[in-house]
Amino acid sequence: MPYLSKAFLFCLAWCVFAPSGWAVEPTPARQTELRHLLKNDCGACHGLTLQGGMGPPLLPDTLKGKADALLITSILQGRKGTAMPPWQTFINTEEAAWLLDVLRNGKHGAE
Ligand code: HEC
């Protein structure tokens, strides 16, 4: 059954490559919510302009050289033993990655 196996291989390739190959961006409405969260919630500890407060600054320069995986995990799971709370009940992995991208590029608009 050549058709079936071709379809099967296609599905397999799709499953393997689609999640990593496609950057999933939050919808524009969700991006607005996330920017709000960044300013009001994250800003409460990291400073309104994210220059640092109770938490460290989240500026492009301070995040440079720190691995995505480490920072995304910190956002989703928080840092045990510190004031940094876990956010995974409010945002998913793609949203945390998007927020990190915003922070890395200094595009948070909180200045
Ligand atoms: C209640 C205070 C508080 C809130 C709210 C908070 N953070 Fe944090 N955050 C901290 C503290 C304190 C640390 C430093 C933890 C440590 O010492 O490792 C931290 C660390 C981090 C780090 C790691 C920074 C680095 O240089 O390693 C990231 C990224 C981060 N926070 C992002 C966020 C984001 C995004 C939000 C909002 C969704 C947020 N934080 C909300 C207190 C907070």
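Values computed for the structure shown
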| read-out | value |
| --- | --- |
| Hz values of 3J(HN,Hα) by residue in segment 90-102 - Karplus curve (6.51, -1.76, 1.60), Gly and Pro given as x | 9, 10, 9, 4, 4, 5, 5, 5, 5, 4, 4, 4, 4 |
| Phi to ³J(HN,Hα) by Karplus 6.51 cos²θ - 1.76 cosθ + 1.60 over segment 48-53, Hz, x for Gly, Pro | 4, 9, 6, 8, x, x |
| Gained length - Asp101 relative to Asn40, 0.36 nm times residue gap less alpha-carbon distance | 20.2 nm |
| Length released on extending from Leu48 to Leu70, taking residue separation times 0.36 nm less the Cα-Cα span | 5.6 nm |
| Solvent accessible area, Å² - Arg35, 1.4 Å probe, full protein context | 80 Å² |
| Accessible surface of Leu103 - all protein chains present, 1.4 Å probe, nearest 10 Å² | 10 Å² |
| Using a Förster distance of 30 Å, the FRET efficiency for Phe90-Leu63 (Cβ separation, nearest 0.05) | 0.90 |
| Estimated D of segment 26-104 in µm² per second, where Rh is the Kirkwood radius over Cα pairs and Stokes-Einstein applies at 25 °C, 0.890 mPa s | 195 µm²/s |
| Relative contact order (%) - segment 26-104, alpha-carbon pairs under 8 angstrom, separation at least six | 26 percent |
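The values are calculated or read from the model by the stated rules, or taken from the named source; none is laboratory data. No experiment lies behind these values; they were computed from the predicted model shown. Ideal geometry is used to build each Cβ from the backbone, glycine not excepted, and the neighbour counts take in all protein chains shown. Note: accessible area is taken over every heavy atom of the protein model, side chains too, but ligands, DNA and RNA are not part of it. Shrake-Rupley method; radii C 1.70, N 1.55, O 1.52, S 1.80 Å.
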